[in-house]
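Here's the structure we're looking at; comments come further down.
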Amino acid sequence: MRIALPFILSLALGACGDPADEAASGVDHAGRSHYMSGNAAAPGPVPDDGVAPVIDVRAAWMRPHPQGRDVTAAYFAVRLSEGSADRLLSAQIEGASGVELHGHTMNAQGMMQMRPIGPQDLTSGGPLVFTPGGRHLMVHGLAPVAEGDSVNGTLVFERAGDVPVTFQVRSMPPGMPTDY
Ligand SMILES: [Cu+2]
């Protein structure tokens, strides 16, 4: 342990950078090695209501990369247009080396930290929203993108399977659809 612990700490400090928006809001980013509990208690399967879920994706966008960084954040809102329940398991983005579902939690010192979260339930009761200051996709290793670009990806759902999504690269949020 005398050897391993400092090594792990140095990885934690360097593994996962903050995109500018999260840094600006005073969020301290927890590195990937802090991942402990997100998936610890695996939920049961999503109930099958006999209706194949259809996922409606809106307002998918991605921040341009902060200068000199290879990590950025992406956001979207999804809603069930058919069916009553599904679960977002993971996401992929073309060209990225990794994509993590992140959320914010309060640490023991009362600071908000970003860290990986587990699968996210989606019900007919309302949309599942990934938005600045809340849940987001942490996108690693993507070649830098700039305002006006678009990037293709996939949202992976437990029941609906792979759902294609196109993220528009923009600095400002597009605003939530009014019919959500
Ligand atoms: Cu994050």
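The values are calculated or read from the model by the stated rules, or taken from the named source; none is laboratory data. Note that the coordinates shown come from a computational prediction; the quantities given were computed from them, not determined experimentally. Ideal geometry is used to build each Cβ from the backbone, glycine not excepted, and the neighbour counts take in all protein chains shown.
At-a-glance table
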| item | result |
| --- | --- |
| Asp162 vs. criteria surrounded by fewer than 13 Cβ atoms within 10 Å (Cβ to Cβ) and modelled with pLDDT of 95 or more | yes |
| Close pairs (9 angstrom Cβ cut-off, 6 or more residues apart or separate chains): free of Cβ contacts under 8 Å to residues at least 60 places away in the same chain in the stretch 60-73, within 13 Å of the ligand (Cβ to nearest atom) and of a type in the set (Asp, Glu) anywhere | Pro66/Asp18; Pro66/Asp21; Arg69/Asp18 |
| Asp56 vs. criteria in a strand (DSSP E or B) and either under 23 Å from Asp162 (Cβ atoms) or not β-branched (Val, Ile, Thr) (or both) | yes |
| Subset of the stretch 148-175 [in contact with a strand residue (DSSP E or B) (Cβ under 6 Å, 6 or more places away or on another chain) and assigned to a loop (DSSP other than H, G, I, E, B)] | Asp149, Glu158, Arg159, Ala160, Arg170, Pro174 |
| Val46 vs. criteria within 16 Å of Gly161 (Cα to Cα), at pLDDT below 95 and touching a Lys or Arg at 6+ places or on another chain (Cβ under 6 Å) | yes |
| Out of Asp179, Asp86, sole residue that is of a type in the set (Asp, Glu) and surrounded by 14 or more Cβ atoms within 10 Å (Cβ to Cβ) | Asp86 |
| Those strands (runs of 3 or more DSSP E) lying entirely in the stretch 78-138 with at least 3 residues under 24 Å from Pro66 (Cα atoms) and without any contact (Cβ under 8 Å) to a residue 40 or more places away in the chain | 98-106 |
| Residue count, the stretch 112-133 (criterion: away from the ligand (no atom under 16 Å from the Cβ) and more than 18 Å from Val156 (Cβ to Cβ)) | 3 |
